[in-house]
């Protein structure tokens, strides 16, 4: 590992595999490469966990500072209406890895099954790429194996004994490891308490992940195309940014939560629900949660600037194109409408950042902004097309390359996203959006909501019961009736939506 130049004992086996494979890359890379290999771009996937789509200064966030990610957006296309089509870790990452929507794959909620579809890293590895995952794992069934990643250097905030935890204990034995730190700070991996990181900043998981990623860039033979995933656990709780960032945000004018006029505020408790999903975040509790969350995002931004520069430099020195993608698996409600965590159809949880930038050889536009509705399943077909590779059968994601090249192409008329029950039956939903309007249907009782995202991006006013919106509501309902027809749950009989049906997280497909 690259932390203090030492290899943790428990990670020695992984380190040996990494050394041998890296040596293999160096020794077997031929000076002469095929024309196809020469134009295949290096790909860097930056993937924070649980990052809201509005938490970038480039989209107008009032306090978060993200100059490096803003610069990335200026060099490419920012998709403002990108969504997690099943907004929790497992199904969202399944969609990213396979290019399949939840409806196509049958992974519609927070549950695992072994992946059988071809994955993005596996397809790239078959085409000669070095495929490396650094940081947070992809949260899939262990029976799925390495998912096509030839190397995995793993680090989290909750798994004792992974590469990061062992490196942390070696660098600072008194820490007791990452789980001990989280417990001493009385933090939680799914809730709002926040505290400053208690150790040197270079020992923070975010800093460690970037250091490992930079080491991969330096160690991989320049003649071989590289697919590198830098997978961060932040800004997912535990909320423990560096002290300087935590204190600065605490001293800032922080924004209020979005609280729709459709929310029963009196039913919310400042103490939060037992599962941490519902809460009236307010006062100092809210300020600390925001300071922790925003501080973690700014730390990521600070760290990735040099990572992106080194990645690009490696590609340019090899005469190879490059692509950098920023996205997240889902967002974080962060108190909006009385919710915390994810699994909801509202913007805080479902809307995610998506920025794609590339080198001039790829003919991608820059300073571009798209409001087309896109999802995580669109990343795989996009990257495969840029790499000159065919898309596997069964993938229903859409390539975004025409949009990236400034062509007047419609990706899709609307996007469907969903989630089966995780926190309770009432939480389950189906939703549709075209980037301008959002329609939500709750399969437990058939409740509907309708929002105008152009005039009401925070979803403060539900217009589903407005007489002037009755035709619009009916049209969106008809689209969902058609979309869900033939689903195994029986949510649609082809003419109407049917509430009260069982909604398991894994469906047969």
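Of the residues that make up the stretch 109-121, is at least one at pLDDT 95 or above and over 19 Å from the mean Cα position of the chain (by Cα)?
Yes, the stretch 109-121 contains at least one residue that is at pLDDT 95 or above and over 19 Å from the mean Cα position of the chain (by Cα).
Taking residue 299, is it closer than 30 Å to residue 223 by Cβ and either assigned to a loop (DSSP other than H, G, I, E, B) or under 24 Å from the mean Cα position of the chain (by Cα) (or both)?
Details: closer than 30 Å to residue 223 by Cβ: no; either assigned to a loop (DSSP other than H, G, I, E, B) or under 24 Å from the mean Cα position of the chain (by Cα) (or both): yes.
Answer is no for this residue.
Just one of (1) under 24 Å from residue 348 (Cα atoms); (2) exposed (fewer than 14 other Cβ atoms within 10 Å of the Cβ); (3) out of contact with any strand residue (DSSP E or B) (no Cβ under 9 Å at 6 or more places or on another chain) trips up residue 465, so point out which.
Evaluating residue 465 over (1) under 24 Å from residue 348 (Cα atoms); (2) exposed (fewer than 14 other Cβ atoms within 10 Å of the Cβ); (3) out of contact with any strand residue (DSSP E or B) (no Cβ under 9 Å at 6 or more places or on another chain) leaves (3) as the failure.
Surrounded by 22 or more Cβ atoms within 10 Å (Cβ to Cβ) and in contact with a helix residue (DSSP H, G or I) (Cβ under 6 Å, 6 or more places away or on another chain): which single residue out of 171, 167 fits that description?
Numbers: 171 fails: surrounded by 22 or more Cβ atoms within 10 Å (Cβ to Cβ).
Matching residue, one of 171, 167: 167.
Could you check the stretch 186-209 and list, in sequence order, the residues that are assigned to a loop (DSSP other than H, G, I, E, B) and within 19 Å of residue 301 (Cβ to Cβ)?
196, 197, 204
Condition test on residue 198, is it surrounded by fewer than 16 Cβ atoms within 10 Å (Cβ to Cβ), assigned by TED's automatic domain parsing to the domain that holds residue 326 and within 29 Å of residue 271 (Cα to Cα)?
Details: surrounded by fewer than 16 Cβ atoms within 10 Å (Cβ to Cβ): yes; assigned by TED's automatic domain parsing to the domain that holds residue 326: yes; within 29 Å of residue 271 (Cα to Cα): yes.
Yes; evaluated as a whole, the condition is true for this residue.
Of all residues in the stretch 60-86 being within 15 Å of the chain's Cα centre (by Cα) and farther than 18 Å from residue 380 by Cβ, which is surrounded by the most Cβ atoms within 10 Å (Cβ to Cβ)?
Once the filter is applied, the top-ranked residue is 69.
Among (1) closer than 17 Å to residue 439 by Cβ; (2) touching a residue at least 24 places away in the same chain (Cβ under 8 Å), where does residue 465 come up short?
Tallying (1) closer than 17 Å to residue 439 by Cβ; (2) touching a residue at least 24 places away in the same chain (Cβ under 8 Å), residue 465 fails exactly one: (2).
The values are calculated or read from the model by the stated rules, or taken from the named source; none is laboratory data. Owing to the predicted nature of the structure, the values given are computational and were not obtained by experimental measurement. Don't worry about glycine lacking a Cβ; one is built from the backbone with ideal geometry, like all the others, and counts go over all protein chains shown.
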